[in-house]
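J.: Quick one: the structure is below, and I'll ask about it shortly.
Derivation of every value follows stated rules applied to the coordinates shown; laboratory data play no part. Source: prediction; values computed, not measured. Here the Cβ positions follow ideal geometry from the backbone for every residue, glycine too, while neighbour counts run over all protein chains shown.
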Amino acid sequence: MGFSTDAIHAGQKADLETGAVITPVYLTSTYHQPELGVHKGYEYGRTHNLTRAALEANIATLERGKYGIAFASGLAAIHSLMSLLKSGDHVIVTDNVYGGTYRLFELIMTDFGISFSWVDTSDVKNILAEIKPNTKMVYVETPTNPMLTLTDLEAVANLCKEKNLISVVDNTFMSPYFQRPIELGIDIVLHSTTKYLNGHSDIIGGIVVTGVEKIHERLRYIQNAAGAVPSPFDCWLTLRSTKTLAVRMDRHNENAMKIAEYLKKHPKVKKVFYPGLPEHPQHELAKKQMSGFGGMISVEFDTFETAKQFLNNAKVFTLAESLGGVESLLCHPISMTHASVPKEKREKFGLTEKLVRFSVGIEDVEDLIADIEQAIK
Ligand code: P1T
């Protein structure tokens, strides 16, 4: 089926009891067992929940994977991936990732004996150079948060297959509508469903999708054994939201393209980071592995003062953490999402105090541009 048809129908059958077209919210922590040892395959809410199962099947289909495993947040999903590893294992990670991912890896997982190499994965040779006998996983964010740097997914998938490493992609910025890493040979895709997949800034959630049965079995075990499951109601809201993912993403993309074009001509803007601009150094790769460029833009202003004035005066855009909702948001990464990344590390990939991140929503683009104009003035 086509993407939009799957988005609306995959994983969702009419309710067996009533015929309800929409999957119900199964708000139950446990299930009746008519006799000792007899049940309908449902024993306890952490282990089994039909609303969650519908969401998992839906997003797995959209990512063209076989299995979805949902978690209580994007970071809980990433943490579950760390549980695939053992003390002594080594992971190669994109140097610029979401600040919370950096914090989890570097400030928590290292205490459990897992080590990390932070490399510029935009050149696959840098990954190859970092492979050690104990390397088990390559973890890539593309495009990155917030620098919008790309990694060649097919090249990473091929390298990981050759070297017998698990390949992981955080696909949060693109959503499966614009980028499907599993189709390019990647083992595991993850999302903060808090962002585009839910799209309405009203839940926190995460999901892992894979086509590899062995990985699925282990992650399913971890989901139940470690227990970071999402609430049925949050699953239901996300399931409702994926139905409109295609139309929302098209509008995010269209608005962001116009705003990026506007910003690049603004005299107070030094540099615009958006993969849809022909000036983006990886625009060709973006066209090859993505079917759109998404709604995220980062901008380097001429000075920190301009950036600050802009953030304090915007009215339609809201200054807030997070991204991917229908409403436009602004973020100052060094003091918000990436505050835990040390200065010398973030400045290596260009993340300075002058950088502002735009999550372009689906409002009328004229209103967004007028707001940017008045806020910079
Ligand atoms: O917030 P949570 O649902 O736990 O997701 C974490 C996460 C994972 N991956 C990426 C690429 C992310 O951007 C995030 C969360 N990011 C923000 C809150 C933000 O404002 O960038």
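J.: Fewest first, what order do LEU27, LEU62, LEU329 take by the number of other Cβ atoms within 10 Å?
T.: LEU27, LEU329, LEU62
J.: Using 7 Å Cα-to-Cβ label points, what is the ASP123/SER83 separation (nm, one decimal)?
T.: A separation of 3.8 nm, rounded to one decimal place.
J.: Does segment 1-138 classify as rounded, prolate or oblate by the C-alpha gyration tensor (a ≥ b ≥ c root eigenvalues; a/c under 1.5 gives rounded; else a/b over b/c gives prolate, otherwise oblate)?
T.: On the way: a/c = 3.13, a/b = 1.85, b/c = 1.69.
Because a/c hits 1.5 or more and a/b exceeds b/c, segment 1-138 counts as prolate.
J.: Between SER29 and ASP202, with labels modelled 7 Å along Cα→Cβ, what's the label distance in nm to one decimal, could you check?
T.: Computed distance between label sites SER29 and ASP202 equals 2.5 nm.
J.: Here's something else I'd like to know. Sequence gap at least 6, Cα distance under 8 Å: using those rules, report the relative contact order of the chain to the nearest whole percent.
T.: 18 percent.
J.: To the nearest 20 debye, what is the magnitude of the charge dipole of segment 246-376 about its Cα centre, counting +1 on the Cβ of each Lys and Arg and -1 on the Cβ of each Asp and Glu?
T.: 520
J.: Which ³J(HN,Hα) values in Hz, rounded to whole numbers, follow from the phi angles of segment 274-285 under the Karplus curve 6.51 cos²θ - 1.76 cosθ + 1.60, where θ = phi - 60° and Gly and Pro get x?
T.: 7, x, x, 7, x, 6, 4, x, 10, 4, 5, 5
J.: I need the trypsin sites (Lys or Arg not before Pro) found in segment 4-82, filtered to DSSP loop residues with at most 10 other beta carbons within 10 Å of theirs. Could the numbers behind the result be given before it?
T.: Numbers: sites: LYS13, LYS40, ARG46, ARG52, ARG64, LYS66; in loops: LYS13, LYS40, ARG46, ARG64, LYS66.
Answer by residue number: LYS13, LYS40.
J.: Can you figure out the FRET efficiency of ASP15 with HIS39, using R₀ = 25 Å and their beta-carbon distance, to the nearest 0.05?
T.: On the way: r = 19 Å, r/R0 = 0.77.
It comes to 0.80.
J.: Right, another one. Sorted from fewest to most neighbouring beta carbons within 10 Å, what does the list SER291, SER298 look like?
T.: Ordered by Cβ neighbours within 10 Å, fewest first: SER291, SER298.
J.: Further question on the same structure: What does the helix-only formula give at 222 nm for the chain: each DSSP H stretch with n ≥ 4 adding -39500 (n - 2.57), the total divided by the residues, and the result rounded to the nearest 500 deg cm²/dmol?
T.: Only helices count here, giving -11000 deg cm²/dmol.
J.: Here's another thing I want to ask about it. Residues with amide H under 5 Å of MET137's amide H, sequence separation 5 or more or different chain, H placed in the peptide plane at 1.01 Å from N; which?
T.: Amide H to amide H, under 5 Å and 5 or more residues apart or across chains, MET137 pairs with HIS90, ILE92, ILE166.
J.: So what J values fall out for segment 354-360 if you push phi through Karplus, 6.51 cos²θ - 1.76 cosθ + 1.60 with θ = phi - 60°, rounded to Hz, Gly and Pro as x?
T.: 7, 8, 10, 9, 9, 9, 7
J.: Would you please classify the overall shape of the chain from the alpha carbon gyration tensor, given that a ≥ b ≥ c denote the square roots of the eigenvalues, rounded means a/c under 1.5, and beyond that prolate means a/b larger than b/c while oblate covers the rest?
T.: Cα axes put the chain in the oblate bin.
J.: Another question, then. What is the set of long-range amide H partners of ASP170 at a cut-off below 5 Å, with H atoms built 1.01 Å from backbone N?
T.: Result for ASP170 returns VAL140, GLU141, THR142, LEU190.
J.: Okay, next question. How would segment 195-339 be classified by its alpha-carbon gyration tensor: rounded, prolate or oblate, with rounded meaning a/c under 1.5 and the a/b versus b/c comparison settling the rest? Display every interim value, and only then the final one.
T.: Details: a/c = 2.09, a/b = 1.69, b/c = 1.24.
Verdict is prolate for segment 195-339.
J.: Apply the Karplus curve 6.51 cos²θ - 1.76 cosθ + 1.60, θ = phi - 60°, to the phi angles in segment 301-308 and return the couplings in whole Hz, x for Gly and Pro.
T.: 7, 5, 9, 5, 4, 4, 4, 5
J.: While we're looking at this one, here's another question. Can you sort ASP89, ASP95 from fewest to most other Cβ atoms within 10 Å of each residue's own Cβ?
T.: Neighbour counts put them in this order, fewest first: ASP89, ASP95.
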